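Okay, so here's the structure we're looking at.
The values are calculated or read from the model by the stated rules, or taken from the named source; none is laboratory data. Given the structure is predicted, the values throughout are model-derived calculations rather than measurements. Every residue, glycine as well, gets a Cβ built from its backbone with ideal geometry; the counts of neighbours run over all protein chains shown. Side chains included, ligands, DNA and RNA excluded: accessible areas come from the protein's heavy atoms. Shrake-Rupley method; radii C 1.70, N 1.55, O 1.52, S 1.80 Å.
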Amino acid sequence: MTFALLPDKFQWVFSEPLLNACGKAVKFCRRQRVITPFRLGLALTATCANQRVETIADFHCGFNALFGTTVTYKAFYNQVAKPHFADFARTMTERLVGDMTLKVLGFAKGRAFAELRHIVIQDGSSFAIHDGLREVFPGRFKVVKPAAVELHTTMDLLCDAPTTVVLPPDTTSEQTFLPEPTALQASVLLADRGYVDLHYLRRVQDKGGFLLIRAKAGMNPQVLEAFREDGKRLRSLRNKSLQTIHAKLPKRQRVELLVQWQVDGAPLCLRLILSWNRRTKSFCYFLTNLPSKGYPIEVICRAYKWRWQVELLFKEWKSYANLHAFDTANAALVEGLIWTAIAAAALKRFLAHMTQLLAEVPMSTRKVAMCALHVLGDLVEALKRGDMAELYAALEASILYLARHAQRAHPKRDRQTGRAQLGLDPCFEIDEMIEFADAA
């Protein structure tokens, strides 16, 4: 029954009638000839997932090879250069990301973070594009790279996958794309120091949400209480501003401060964890409202390292899904190819997660991203023909191959120094995974 869900999932996401209807709905394609929305979406996603793509001509060759057509480059380019191509590619990617997300990680009952619904990571990744797009996508570094975009991504750590991706110009404020406070109820948000907004933190706390954010060095709240990591109270640091006592902060042990700001006419009290970095000779600051009883200093500092998972996601997009700039000044084409790359990466992550569920072995998403090209060919052929029996056989062969060749190399080391230090382990229960994904 578990395996039977796979072909249905693929058939739904890459349904020919639905993708063609999607193309019509966004006004990308009114008359369907050789290059239909279904064919174009499948070919672009498969090409991004299977090979290194340098030019638009590589997509053209991939389309003709997959469907055995002789479409000219000009006819192909005219389709992908349409103003609504970006809308179609974005809608297709949203369907794929939304319908192919499952819970793959979790905590044993009683462990820290086990009572939380979601562990949300927020970050962005920018890269330069064609200089001719400086008016549409202005970049922050106008002299060196006048045009750039930034992918603002919300990732759910328990799903090990993105849940929301937004593509604005690089100059847009990153705080604009933070999750709604109501969505963080009984959840925790991990974010870098660029996302510190005291008014937003207040709203998250009022809605029953939690946060763990790296703070800026120049902050100057009022210190109400101060404790060393060994539990000793630092009475001389109490009831003073942070900048006043900064030079007196101990460096041999981490310090926990109970700090307060006046925000919207009311006090905002948070925990501020300070850890001395010997290499940079400076303090690292972590803001959180997680209770100290179940989340001591050591747990907070280790948990913040989970934020690195979104950086690995960005690296996977750029290294194994062809997320890079193309030599074109067509804004819709640039945006559409970015969405296509994210769709290809999401497809490979879903294969990794389903293999982990069915084979009950911890999987490496990076290894799957690297070697999925060896199994995607048969899957794409089955999707092209709409043959469920062929799709079933291709998926079975894919899972067997990936389970042998793409497992995590050092699961024991993960529990000692990696992401499993705090009990974040693979989840193998299909009912729990589906229920979690539906709720999300």
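Per-structure values
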read-out	value
Relative contact order, percent, the chain [alpha-carbon distance under 8 Å, six or more residues apart]	19
Violating pairs (Cα-Cα greater than 31 angstrom) within the set K103/K315; K251/K293; K103/K281; K103/K207	K103/K281
Cross-link reach list, lysines versus K384, counting only Cα pairs under 22 Å and skipping chain neighbours closer than eight places	K9, K24, K348
Accessible area per residue in Å² at 1.4 Å probe, computed on the stretch 61-117	47
Within straight-line cross-link reach of K145, aspartates and glutamates at Cα separation under 17 Å, skipping those fewer than 8 residues along the same chain	D131, E135, D170, D327
Karplus-derived 3J(HN,Hα), 6.51/-1.76/1.60, for each residue of the stretch 64-78, Hz, glycine and proline x	5, 5, 6, 9, x, 9, 10, 5, 6, 4, 5, 5, 5, 4, 4
Residue-averaged 222 nm ellipticity for the chain, from DSSP H runs of 4+ at -39500 (n - 2.57), nearest 500	-13000 deg cm²/dmol
FRET E, pair Q262, D58, Förster distance 60 Å, beta-carbon r, rounded to 0.05	0.60
Where Y392, Y200 fall by accessible area, highest first, once all protein chains stay in place (1.4 Å)	Y392, Y200
For the chain: Kirkwood Rh in Å [reciprocal of mean 1/r, alpha carbons]	23.6
Accessible surface of the stretch 1-123, 1.4 Å probe, proportion on carbon and sulfur as whole %	55
Extended-chain gain in nm, criterion 0.36 nm per residue less alpha-carbon gap, K318 and Q175	49.1 nm
Residue-wise HN-Hα coupling along the stretch 85-91, computed from phi with Karplus coefficients 6.51, -1.76, 1.60 (Hz; x: Gly, Pro)	4, 4, 5, 5, 5, 5, 5
For the stretch 327-419, radius of gyration divided by Kirkwood radius, i.e. Rg to Rh on alpha-carbons	1.09
Calculated P(r) tail over 20 Å for the stretch 162-287, as whole % of Cα pairs	49
Compactness index (Cα Rg / 2.2 N^0.38 Å), the stretch 76-162	1.55
Equivalent ellipsoid dimensions for the stretch 223-364 as semi-axes, Å, which come from the Cα gyration tensor, largest first	43, 21, 15
Nearby aspartates and glutamates by direct alpha-carbon distance to K109 (threshold 15 angstrom, same-chain neighbours under 8 apart not counted)	D425, E429, E432
